[in-house]
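*Asks:* I'd like to ask you about the structure that follows.
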Amino acid sequence: MKLVTLGPKGTFSHQASKKAHKNAEIVFADSIDAVFFRLGEKEIQEAVVPIQNNRSGFVEETVVNLMKYDFSIRGCLTEKITHFLAGKGKPEEAKSLLAHPHAFAQCKETLDALGVHCKVVETLSNGHSAMQLKLDQKGETIAIVSPLAAEIYKLPVLKEHIEDDPENATTFLIIGKEVKKATGNDCSAFLIFSDPLKAVENQIRALAKEKKCEVLKLENLLLQEGHTPLYFMEMTGHIFEEKVQEVIANLKQKFLLKHLGSYERPNHT
Ligand SMILES: O=C(O)C(=O)C[C@]1(C(=O)O)C=C[C@@H](O)C=C1
């Protein structure tokens, strides 16, 4: 089986992919957009993408692509995320910092305390940050990298565990082309297009409860300008179950929604 994820080698997505499918052949794409695009290829069966970090929030690129494509979420896994600061010399004397925007948001306070106030150069992934640091000849650049990337690219580590929150964790989605079979302990995910309003949330919860479904997650997403405001919802039950179909029918009378997949309920919910 062939799986596509965010590359190059050494990203957290790479790490999560190895956990998701021990024996899969992993291929790498340069961006999350490219991961979704490549999942359209016949010989690739699944993709692994980050969806949400407990500190830096939803990964917008993933949500926008879930909206755009008709793929199906087949599972999810949550990984503890720890970041390393790599490079040569003193962190406070560096001229630039290579960082993925989510990684930067997760380490901001620690970097501040370390005296790192230089220019931030945004990269497409932690793997890209590691690779670009490897090419730096002058030794004036530092980078936030994953422990796996530090090992693969043999980078000098200036400081380990620079994430602000020791409980830092990211949830990754396993995405495929067809709806997964029911296991008997499933949940279903949806995007519900609506303004973020308490009344809307109460309405969604009430419609689910009416059919004995439990809302596991209901979070509004503030995407960049130009996008309709929306909710990410996770609810107990599989799309093939009648009660779920009934909730969907009732929700559809009030909202525009998109079913994203039905999969085994994660342990933490
Ligand atoms: O850059 C990586 O290593 C990724 O897999 C991406 C990503 C993300 O987009 O959230 C994954 C986990 C961490 O939260 C930081 C970065």
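*Asks:* For segment 171-210: of the residues being in a loop (DSSP other than H, G, I, E, B) and among the β-branched types (V, I, T), which is farthest from the chain's Cα centre (by Cα)?
*Replies:* Only one residue fits best here, namely T183.
*Asks:* Taking segment 52-81 only, how many residues are within 16 Å of I192 (Cα to Cα) and touching a helix residue (DSSP H, G or I) at 6+ places or on another chain (Cβ under 7 Å)?
*Replies:* 3
*Asks:* While we're looking at this one, here's another question. Please state which of the following conditions S13 fails to meet, knowing it meets all the rest: (1) more than 16 Å from the chain's Cα centre (by Cα); (2) within 16 Å of C76 (Cβ to Cβ); (3) polar (S, T, N, Q).
*Replies:* (1)
*Asks:* Can I ask one more? Take the conditions in contact with a Leu (Cβ under 8 Å, 6 or more places away or on another chain) and without any contact (Cβ under 8 Å) to a residue 60 or more places away in the chain and apply them to V120. Does it pass?
*Replies:* Judged against the criteria, V120 is a match.
*Asks:* So, in segment 42-53, of the ones that are touching a residue at least 12 places away in the same chain (Cβ under 8 Å) and farther than 15 Å from F172 by Cβ, which residue ends up most open to solvent (accessible area, probe 1.4 Å)?
*Replies:* Checked segment 42-53; the qualifying residue most open to solvent (accessible area, probe 1.4 Å) is E43.
*Asks:* When segment 21-32 is examined, which residues are found to be buried (at least 16 other Cβ atoms within 10 Å of the Cβ) and at pLDDT 95 or above?
*Replies:* Passing the criteria: A24, I26, V27, F28, A29, I32.
*Asks:* I need the full set of residues from segment 98-117 which are within 11 Å of the ligand (Cβ to nearest atom) and of a type outside the set (A, V, I, L, M), in order please.
*Replies:* H100, P101, H102, F104, Q106, C107
*Asks:* Checking the conditions here, which among K134, K88, K95 is without any contact (Cβ under 8 Å) to a residue 60 or more places away in the chain, open to solvent by 30 Å² or more (accessible area, probe 1.4 Å), basic (K, R) and more than 16 Å from the ligand (Cβ to nearest atom)? Quick ask: steps written out before the conclusion?
*Replies:* Details: K134 fails: more than 16 Å from the ligand (Cβ to nearest atom); K88 fails: without any contact (Cβ under 8 Å) to a residue 60 or more places away in the chain.
After applying the criteria, what remains is K95.
*Asks:* Next up: Among the candidates S31, S17, S56, S13, which residue alone is more than 25 Å from I152 (Cα to Cα) and either in contact (Cβ under 8 Å) with a residue 40 or more places away in the chain or within 16 Å of the ligand (Cβ to nearest atom) (or both)?
*Replies:* S56
The values are calculated or read from the model by the stated rules, or taken from the named source; none is laboratory data. This one's a predicted model, so the numbers in the text were calculated from it and none came from an experiment. Note that we place each Cβ from the backbone using ideal geometry, even for glycine, and neighbour counts take in every protein chain shown. Areas reflect the complete protein model, heavy atoms only, side chains present, ligands, DNA and RNA absent. Shrake-Rupley method; radii C 1.70, N 1.55, O 1.52, S 1.80 Å.
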